[in-house]
Each structure stands twice: as structure tokens, then as C-alpha cells.
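The values are calculated or read from the model by the stated rules, or taken from the named source; none is laboratory data. From a predicted model like this one, the values you see are computed outputs, not experimental measurements. When we count neighbours, we look across all protein chains shown, and the Cβ atoms used for this are built from the backbone with ideal geometry, even at glycine. For the accessible areas, the whole protein counts, side chains as well, though only heavy atoms, and no ligand, DNA or RNA atoms are used. Shrake-Rupley method; radii C 1.70, N 1.55, O 1.52, S 1.80 Å.
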Amino acid sequence: MAGKAASYRCSECGHAALTWTGQCAGCGAWNTLEELSAPAARSGRRAAGKRAVGPKPVPLRDVKAERSQRLGTGIAELDRVLGGGLVPGSLVLLGGSPGIGKSTLAGMALANIGAAEHEVLYVSGEESASQVRRRAERLGQAALAVPILAEPALESVLAALESERPAACVIDSVQTLAIPDAAPGGVGAVREATSALLEAAKRLDVTLILIGHVTKEGSIAGPRALEHLVDCVLHFEGERERTFRTLRALKNRFGATSEVGVFEMRQGGLVEVADPSARFVGEARPAPGSVVLCAMEGTRPLLVEVQALVAPTEIVPPRRTATGIDRNRLALVLAVLTRHAGVSLSAADVFVNVAGGVRVDEPGADLAIALAVASAHSGRPLETDGKPLACFGEIGLTGEVRYVAHADRRVAEARKFGLSRVLGPPQGDEVIKGLSVVGSIKEALSGSATRGSLRRAA
Ligand code: TYD
Ligand code: MG
């Protein structure tokens, strides 16, 4: 008996289901399951007795490896996140909340590609041509040379791609593309537009950058299935009020997803921050509640300042606010501090913030969170020779400080910026010069590790 095939599919995330349900088990969206038409029965495969003639598979070694020349965007941080520039004929989805700088980044990239004598095209469905011109005026001459099509209709965009054949084209934004008989920005419309663009991009060898809005929950609005269609999903994030922005790849068919680009929004557009550690620790002062975290962003070490504030409160339950780190990590670290280091925080509000508006998503941040909170709690700064203390390491549920990768590079980065004292997890047999090993949270808070600073804390 043939296995039962899934006969419903979610139009939002592509989740397959055997039976219809009101809510998709894959993404939680409502009323998105659609019935699939039954596949035609495979008839008489065995009964025929002789082999059917079909396409002939070939060993991978005989497949011609196409190594197409990448298209440099002239923005080193962007090229690095892409894995070495744009791959011709690929589809890149650039997501981020409104006002973060998506149009600016895409406009700058197009300007540079155009300046390198490639045909480019900027399609704006979101802003009028004159609004786009005003942005370009801030970005310079090359940006003003970019041809624009202020046109939201998908049909016209496809026709323009066909006639202009640009090497790179920006669609700003994919949600504003209008399709006959569909509400713009709706799930169906966005997916249909993307599929049509995908087909055109591959056929005409156009590199497409699709700009997409991000919902409050942080996912790219419209169908999540969009992420499956494109080759590369980039996410531009940061806080609007702050100047620093980080660009990461959530998916990349042509490179790693661990690289992060750091930018700063200035008057004349986005400026790459080639040495973010210098920027982030430059402002760090040895004050109570401040500690420097040696984080890894992809293959690059990054120093950031983690700050904590602990204040007495009457509120039950007390406030726990995390900016730039995961809330759940904060909850875990606070519980471990209470249980294994005797730092009682039940009557205190706790705020933890990564300075500069950056986000750190790695377990190696735990020790920095713990030390910052303990320091804020005791009211004593963590310092050595007037410089802030640096640290990294994951904290386990039993209070142990656990191994995280790239200890050597983290320590080297801290020392490069003159931070002489670095606390971190045990490294097995390996000895890392300049690393002060701490095995547990208790040890980290003890006198010898922090040079007596926190003795009163525990
Ligand atoms: P924008 O690229 O329009 O954001 P998005 O497309 O993601 O919505 O730019 C966002 C902000 O950046 C806007 O508030 C103005 C500011 N900005 C500058 O500060 N300097 C500049 O040179 C440019 C072009 C924009
Ligand atoms: Mg925009």
C-alpha cells in the first residue's frame, strides 16, 4: 500500500498536513491550510516488467561547476555577509523594521554597482520617485545616476526587467507590488510576486534584492514561505533611535550565515564600522554594573559593553528588562545567581542592556550578564588598572561556567583593546595566555577572580 501523502498545505509556511485544521501546526497561522489536488496515481510501474526510459542521473564529479563572478556591492560589510558579493541571478530578501535603513543600504549598493559600469534598476512601490531622489541626494552623485521606476504593478516590473536586463535590481518593497485580483501585501500576492520575479531573475540572470518589511514579532511580513523561495535572507536590525545597525544573513545558499556587518547611520548614508569593538568598548567606563563581553559575531570577535542596573522595588513580580540579549537567558542567569552565588534579587528590578544598540545572541554572554548584575547589585565596579573587566562563557544550571568556542580569539581581541583581565571558562588542556579561568559562577564572583570587587555581593 502506498504511503498516505499529505493533502493540505499551509499557504503561510508550507507546512504539510494530512487533515485540515483551523490553525496551522507549523506556524500557528489561522485558516491557511489549503487542499492539494490528489497526485495522479503511478500506474503499472511494476506491472510493465521493463524499465521505463527516464532522465539519466550523473555522478556529481561530472557535473560542470559553475563559478560565476560575484557582483561586488562596493560595501565591504555587505559583501562579507553575502559571502563575497552578490551571485548573479540570485534573489536576496532584505528585511528589517521601517526606518532602519533598508532603502538606504540597497540604494548605496545599486549606486556602487552602477558606478562599476553595470546596468542597474531601482523599483519603488513604496515611495514616489521624488522621495527616492531626495534620499539619493544625501548619498551622492553615483546614487543620483541610478535609474528608477516608480511603479507598483508586477506586470510592468517584469516587463522592465525583460527590456532593461539590469545586472542588479532592487524592488522596494515586495509588499507593495500590485497583482491583479489580490490585495497588495497579502500572503498570496507577496508569494505570487516573488515566484514570478524568481523565474525572471533566473532566466534573465538578474540579481534581485527584494526589500521586505518586518512585523512586530520580527519575522518578515507576509508568507514565511518567501524565505524558502529566495537564495539569501538578510536581516537589518538595530534600534531606530540609535545609530548602530547590524546586518546578518539568516539564510545564505552561497555563504555562511554567521557573518555580521556593522553599520552606522550618518548624514550621508550608512557608514561601515570596520572595527566595531573599538566603538563599543571606547565608551565603557569601569562603573558598577558595567562589564565588557568578548562576543563572537560569526568569525569575528566583537567586544560589547553589557550594563546592568539593580534597583529596589515594591512591584511583585519585580521587573526583568533585557535589551540586546535574550530575556530567557537573563531569567536563567538570575536564577543561577540566586541559587548558586547567593545574590538575592527577589526584591529588585533588574535591567540589562547591551550598549550601542547591538544584539548578542550567544550563550557566551551569560557570564557577562551575571557579572554585570552582581556588580550592579553590590554597587562596586569591576575594574583592573582603571579598565573594565572583560569576560565570556556560558553558565550552566548547576552554576558552572561552560566552554564556548574561540576562546583564543576572544581573549586576543580584549587584549588588543588594552583590557588586561579576561575571565572565561576552563579550556581543558589548552592554556590561553591572558585568560583567567573560572570554573563556576561562585568562583567568578569570588575575591580572586574579580580582585575583591564583589566580595560584598555574595
Ligand atoms: P530608510 O533607508 O528610508 O529606511 P527603510 O527603507 O528601512 O524604511 O532610512 C531610514 C532613516 O535613515 C531615515 O529616518 C533617515 C535616515 N537617514 C540618515 O540618517 N542619513 C542618510 O543619509 C539617509 C539616506 C537616511
Ligand atoms: Mg524604505
Scan region 62-82 residue by residue and report those that are at pLDDT 90 or above and either open to solvent by 20 Å² or more (accessible area, probe 1.4 Å) or outside any loop (DSSP other than H, G, I, E, B) (or both). 70, 71, 72, 74, 76, 77, 78, 79, 80, 81, 82
In this structure, does residue 327 turn out to be basic (Lys, Arg) and in contact (Cβ under 8 Å) with a residue 40 or more places away in the chain? no
Positions within region 170-212 being within 16 Å of ligand 1 (Cβ to nearest atom) and not charged (D, E, K, R), in sequence order: 170, 171, 173, 174, 175, 176, 177, 185, 209, 210, 211, 212
Out of the residues in region 100-113 meeting the condition of being crowded, with 23+ Cβ neighbours inside 10 Å and without any contact (Cβ under 8 Å) to a residue 60 or more places away in the chain, tell me which one is nearest to ligand 2 (Cβ to nearest atom). 111
Quick one: how many residues across region 285-301 are surrounded by fewer than 23 Cβ atoms within 10 Å (Cβ to Cβ) and either within 29 Å of residue 377 (Cβ to Cβ) or at pLDDT 90 or above (or both)? 7
Looking at 90, 97, 68, which is the one that is within 16 Å of ligand 2 (Cβ to nearest atom) and hydroxyl-bearing (Ser, Thr, Tyr)? 97
Selection status of residue 255, assigned to a strand (DSSP E or B), closer than 28 Å to residue 111 by Cα and not aromatic (Phe, Trp, Tyr): no
Flag if residue 168 is buried (at least 20 other Cβ atoms within 10 Å of the Cβ), within 16 Å of ligand 2 (Cβ to nearest atom) and under 24 Å from residue 263 (Cβ atoms): no
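When you look at residue 85, is it open to solvent by less than 10 Å² (accessible area, probe 1.4 Å) and within 13 Å of ligand 1 (Cβ to nearest atom), yes or no?
Against the criterion (open to solvent by less than 10 Å² (accessible area, probe 1.4 Å) and within 13 Å of ligand 1 (Cβ to nearest atom)), residue 85 does not qualify.
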Considering only residues that are aliphatic (A, V, I, L, M) and open to solvent by less than 20 Å² (accessible area, probe 1.4 Å), look in region 270-280 and name the one that is modelled with the highest pLDDT. 270
Long-range neighbours under 6 Å by Cβ, at least six apart or interchain, first residue free of Cβ contacts under 8 Å to residues at least 12 places away in the same chain and charged (D, E, K, R) within region 61-86, second buried (at least 20 other Cβ atoms within 10 Å of the Cβ) and not in a helix (DSSP H, G or I): 79/73; 79/85
Please work out if residue 246 is open to solvent by 60 Å² or more (accessible area, probe 1.4 Å), away from ligand 2 (no atom under 16 Å from the Cβ) and within 30 Å of residue 87 (Cβ to Cβ). no
